[in-house]
Every structure is written in C-alpha cells, then in structure tokens.
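Just below is one structure, and these are the notes that go with it.
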Amino acid sequence: MRCGIHCCSPPVRPEYGPALERSWTQGRREWLKLSGNSRLSVAKKSGHHIYVDQPDVAVKAVQRVAAQAAAR
C-alpha cells in the first residue's frame, strides 16, 4: 500500500541565510521522493506556524490526504 506524503512549507526566509535555505529545500525534496504520491505546497503568507497564519492551507492539505486514504 502506497501512502501519500503532503508537505506544507513556509516561503523562503532569507534571514536564515542562503546555505541553510538550500539545505532545507533539498530536505523537503528528499521527503517527496519517499512516495510516488507526494505533493509540496508553499504557504506564501505564512511563517513557521502555518496552521496559525494560514489555517486554510493546513486544512486543505489534511483534507486531500484524508480523501486519498478514504479512496483506498
């Protein structure tokens, strides 16, 4: 059984520095490779706590995963 992985990530934050951001981005890409049914969403108006800053983005991500699981 294959499960989808859904990543929600905040936008690029230059204050952390380019090297850290490149490493973080590469890590997210590695997570996406763990499943053939993965998706990366960017919460452009959000900080670290996406569920607080943009709860609609978090809810939609959970709903997509739940719908995929229910369809199996």
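The values are calculated or read from the model by the stated rules, or taken from the named source; none is laboratory data. What you see is a predicted model; the values in this text were computed from it and never measured. For the accessible areas, the whole protein counts, side chains as well, though only heavy atoms, and no ligand, DNA or RNA atoms are used. Shrake-Rupley method; radii C 1.70, N 1.55, O 1.52, S 1.80 Å.
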Accessible area per residue in Å² at 1.4 Å probe, computed on region 31-72
76 Å²
Added length on full extension, which subtracts the Cα-Cα distance from 0.36 nm per residue, Asp53 to Ala19:
9.7 nm
Per residue of region 35-48, what does 6.51 cos²θ - 1.76 cosθ + 1.60 with θ = phi - 60° give for ³J(HN,Hα)? Whole Hz please, x for Gly and Pro, Karplus curve as stated.
9, x, 10, 10, 8, 10, 10, 10, 8, 5, 10, 10, x, 5
